[in-house]
Amino acid sequence: MTIPSLTSRRLILRLYRDLRRYGSQLQFTDQEYFLQRVRREFDQNRTLCDPKEIEFCYKRGRALLDQARVI
């Protein structure tokens, strides 16, 4: 699945919101750490320009949500 450039921003913002929502529902993990880690990852990848790198990071975040696993 390639992420079209016009909708990539919308998809990535949705992923960010979904990860934040997921983090706030964690019970057996440090929520504060998880939310800081999500924020840090998104800040570090904010300047990515290569579509393949963007897609890789998006799929990585989506897989985390789909498998309900902690980073």
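No value in this document is a laboratory result; all are computed from the given coordinates. Values in this document were obtained by computation on a predicted structure and should not be read as measured data.
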Can you classify the chain as rounded, prolate or oblate using the Cα gyration tensor, where a ≥ b ≥ c are the square roots of its eigenvalues, rounded means a/c under 1.5, and otherwise it's prolate if a/b beats b/c and oblate if not?
prolate
As I understand it, the value is the acute angle between the Cα axis of helix 5-24 and the longest principal axis of the Cα atoms of the chain; what does it come to in degrees, rounded to 10?
0 degrees
Kindly express, to the nearest 10 degrees and within the range 0 to 90, the angle between helix 51-67's C-alpha long axis and the longest C-alpha principal axis of the chain.
30 degrees
Helical contribution to [θ] at 222 nm, DSSP H n ≥ 4, -39,500 (n - 2.57), averaged over the chain, rounded to 500
-24000 deg cm²/dmol
List every residue whose amide H lies under 5 Å from the amide H of Leu26, counting only residues 5 or more places away in sequence or on a different chain, with H placed 1.01 Å from N in the peptide plane.
none
Once you have the Cα-Cα distance between Ser8 and Glu53, take 0.36 nm times their residue separation minus that, and quote the gain in nm to one decimal.
15.0 nm
Apply the Karplus curve 6.51 cos²θ - 1.76 cosθ + 1.60, θ = phi - 60°, to the phi angles in the range 27-36 and return the couplings in whole Hz, x for Gly and Pro.
10, 9, 10, 5, 4, 4, 4, 4, 5, 5
